[in-house]
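S.K.: Can you read through this structure? Questions will come right after.
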Number of protein chains: 2
Amino acid sequence: MRLKCNDPDPRRFHGAMLQKDGFDQDDRMAADHTRTAIITAAERLYAERGFADVTMRDIVAAADVNLAAVNYHFGSKDELIAELFVTRSLATNRERLRELKAAEEAGDGRADINAIFAALVGPTLRGCLGPEKQRSDAARFMIRASIESVPPIRKIKNREVDHLKRFAAAMRRSLPDQDPADIFWALHFALAMAHQTIRDSERLTRMSDGLCDLNDVQAITDRVVAVAVMALTGKPAKAPLKEPAKAKARA
Amino acid sequence: MRLKCNDPDPRRFHGAMLQKDGFDQDDRMAADHTRTAIITAAERLYAERGFADVTMRDIVAAADVNLAAVNYHFGSKDELIAELFVTRSLATNRERLRELKAAEEAGDGRADINAIFAALVGPTLRGCLGPEKQRSDAARFMIRASIESVPPIRKIKNREVDHLKRFAAAMRRSLPDQDPADIFWALHFALAMAHQTIRDSERLTRMSDGLCDLNDVQAITDRVVAVAVMALTGKPAKAPLKEPAKAKARA
DNA sequence: GATAGTTTCATACATGCGTTTGAAATGCAA
DNA sequence: TTGCATTTCAAACGCATGTATGAAACTATC
């Protein structure tokens, strides 16, 4: 029942209509207001409460559209989730790669290792903990998706591995003498620290009685990057970057 | 309907019967075989597939007991989950504190910082990645529980913060001159690395094409501890516990 | 071996879910 | 306008879930 390749009912529309950078811009909102409203509401609810306890009725209520609209525009609940994920996934990866490329160009093909890690965790951290609320939903949705692993996402997520390999390759170019296994471990740890910080920032706040500042996203990024570099090289970062570093060079 | 404090129906039993260390010993199995079978099956299924897509019918099928048995012995699905969680939570915390205490006694009240981190992440890592399959279910269940956050667990989990504060306090005794915020961050990162390694070990394996060895639990623990210590002190661990991973010989 | 208490069983219930339906509303070109 | 395609709507469908029920099968005590 799940693998119907041909539509017997020509009623459904659910055109893909992938856009080049997320779906948060309201340029042609009025065009298909319903579709946009569903996407926005679904992303927010999933980010807030996880996939398990958000129903389609919750989504359409938040979006103020009819229940049947989701199936009409997306085909099914799973396809809605999948579209949310692939769109956001592409956007995040694009931002990461843009920063990576800038760092490599700034270093003549050998990017500063700090910049590589910053390109890896920066976009997500900024998106999740930063002040911009709407993007926050997007990034927190991605964190949820990377954890709760609902079926429609699991298949797509395999591509993530290829994406991360590009960062591992950049690190190998940057530090050719480093043990490759250490590179993968450090990359793994960097993502772990970033994700956990986003996912359970509340526990850290409570545990430290508010001592750990979760509003200064740049400081958090710097900290994660510094630890990741130490994990990789075994010694403190040579140039502990206090200022928004060279990754911003390209503009 | 959800908050019935008095049982109108005296049929239900679901006595708590907390045991002193987990429920995996089969000492008096035959006594209430059904209850034990449910617990074992539920824990395994939840560990494998998460809370979202494991139904009571899945559990009773795996346990080979009647559907009504869960409600009879535990009252409800949520109470079953809660009992699983509190029992395992107590066992894990007990093991951690035992190691912490041993480390503090060995250091006259000031435990070696490496030993403190090892006490924090060691029990979980060993339980999840080690060879002992049954304990593995237990620990992976706890990881799931710490992520997916189903309602019956969310309430209990607040105590976790108090538990972690004891480790933060031990670190402060061990390194009195260290910035307290750094201690909390390092503790947070240590848990992040350990949990992510358990949760997504598959991605690390695939990303590194099998280069990262996930079978040597002691080496993984050492690595996490070493990075955590560097995150805290800003310099490599002075006295690596064991043979440090092969990366050091470079440079 | 009858009796009372405990545990199991097959079955049913109520509810909420994702999805479907057919018709009504809307947009739009001729 | 008319005609046709697209989109919305209220209502329902089928199904799976957690829970409840009452009787049957045990178990132990007398």
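S.K.: The conditions are (1) modelled with pLDDT of 55 or more; (2) open to solvent by 50 Å² or more (accessible area, probe 1.4 Å), and A:Asp32 fails exactly one of them. Which is it?
M.R.: The failed condition is (2).
S.K.: Still on this structure: Need the failing condition index for B:Glu43 against (1) open to solvent by less than 20 Å² (accessible area, probe 1.4 Å); (2) within 15 Å of DNA strand C (Cβ to nearest atom), just the number.
M.R.: Result: B:Glu43 passes all but (2).
S.K.: With modelled with pLDDT of 95 or more and either surrounded by fewer than 16 Cβ atoms within 10 Å (Cβ to Cβ) or at the interface with chain A (Cβ under 9 Å from one of its Cβ atoms) (or both) as the only criterion, which of B:Asp200, B:Asp213, B:Asp209 stands out?
M.R.: Answer to the selection: B:Asp209.
S.K.: Might you check whether a residue that is of a type in the set (Phe, Trp, Tyr), assigned to a helix (DSSP H, G or I) and near DNA strand C (Cβ under 10 Å from one of its atoms) occurs anywhere in segment B:62-73?
M.R.: yes
S.K.: Restricting to segment B:54-76, and then to whatever is β-branched (Val, Ile, Thr) and away from chain A (no Cβ under 14 Å), can you tell me which residue is nearest to the chain's Cα centre (by Cα)?
M.R.: The qualifying residue nearest to the chain's Cα centre (by Cα) is B:Ile59.
S.K.: Scan segment B:135-194 for residues that are of a type in the set (Val, Ile, Thr) and more than 11 Å from chain A (Cβ to nearest Cβ) and report the count.
M.R.: Selection size over segment B:135-194: 2.
S.K.: Determine, yes or no, whether A:Phe51 is open to solvent by less than 50 Å² (accessible area, probe 1.4 Å), within 10 Å of DNA strand C (Cβ to nearest atom) and within 14 Å of chain B (Cβ to nearest Cβ).
M.R.: Criteria met by A:Phe51.
S.K.: Does segment A:168-175 contain at least one residue that is free of Cβ contacts under 8 Å to residues at least 40 places away in the same chain and charged (D, E, K, R)?
M.R.: Yes, segment A:168-175 contains at least one residue that is free of Cβ contacts under 8 Å to residues at least 40 places away in the same chain and charged (D, E, K, R).
S.K.: Now for a separate question. Could you list, ordered by first residue, the pairs with Cβ atoms under 6 Å in which the first is in segment A:74-92 and closer than 23 Å to A:Leu191 by Cα and the second is open to solvent by 30 Å² or more (accessible area, probe 1.4 Å), at least 6 apart or interchain?
M.R.: Once the first residue is closer than 23 Å to A:Leu191 by Cα and sits in segment A:74-92, its partners that are open to solvent by 30 Å² or more (accessible area, probe 1.4 Å) give A:Arg88/A:Met142; A:Ala91/A:Asp21.
S.K.: Continuing with this model, one more query. Hey, can you tell me all the residues within segment B:62-78 that are at pLDDT 95 or above and within 28 Å of B:Asp200 (Cα to Cα)?
M.R.: B:Ala62, B:Ala63, B:Lys77
S.K.: Go through segment B:98-112 residue by residue and tally those that are under 21 Å from the mean Cα position of the chain (by Cα) and within 20 Å of B:Ile183 (Cβ to Cβ).
M.R.: Within segment B:98-112, residues that are under 21 Å from the mean Cα position of the chain (by Cα) and within 20 Å of B:Ile183 (Cβ to Cβ) number 4.
S.K.: OK, next. Hey, among the residues in segment B:54-98 that are closer than 12 Å to B:Phe141 by Cβ and of a type in the set (Gly, Ala, Ser), which one's surrounded by the fewest Cβ atoms within 10 Å (Cβ to Cβ)?
M.R.: B:Ser89
S.K.: Which numbered condition in (1) part of a helix (DSSP H, G or I); (2) open to solvent by less than 20 Å² (accessible area, probe 1.4 Å) is the only one that B:Ala111 fails?
M.R.: Tallying (1) part of a helix (DSSP H, G or I); (2) open to solvent by less than 20 Å² (accessible area, probe 1.4 Å), B:Ala111 fails exactly one: (1).
S.K.: Let me spell it out: the conditions are (1) small (Gly, Ala, Ser); (2) modelled with pLDDT under 95; (3) more than 13 Å from DNA strand C (Cβ to nearest atom), and A:Ala37 meets all of them except one. Which number is the exception?
M.R.: (2)
The values are calculated or read from the model by the stated rules, or taken from the named source; none is laboratory data. Just so we're clear, the structure is a prediction, and the values are computed from it rather than from any experiment. Counting neighbours? That spans all protein chains shown, and the Cβs are built from the backbone with ideal geometry, glycine included. Just the protein is used for accessible areas: all its heavy atoms, side chains included, with ligands, DNA and RNA removed. Shrake-Rupley method; radii C 1.70, N 1.55, O 1.52, S 1.80 Å.
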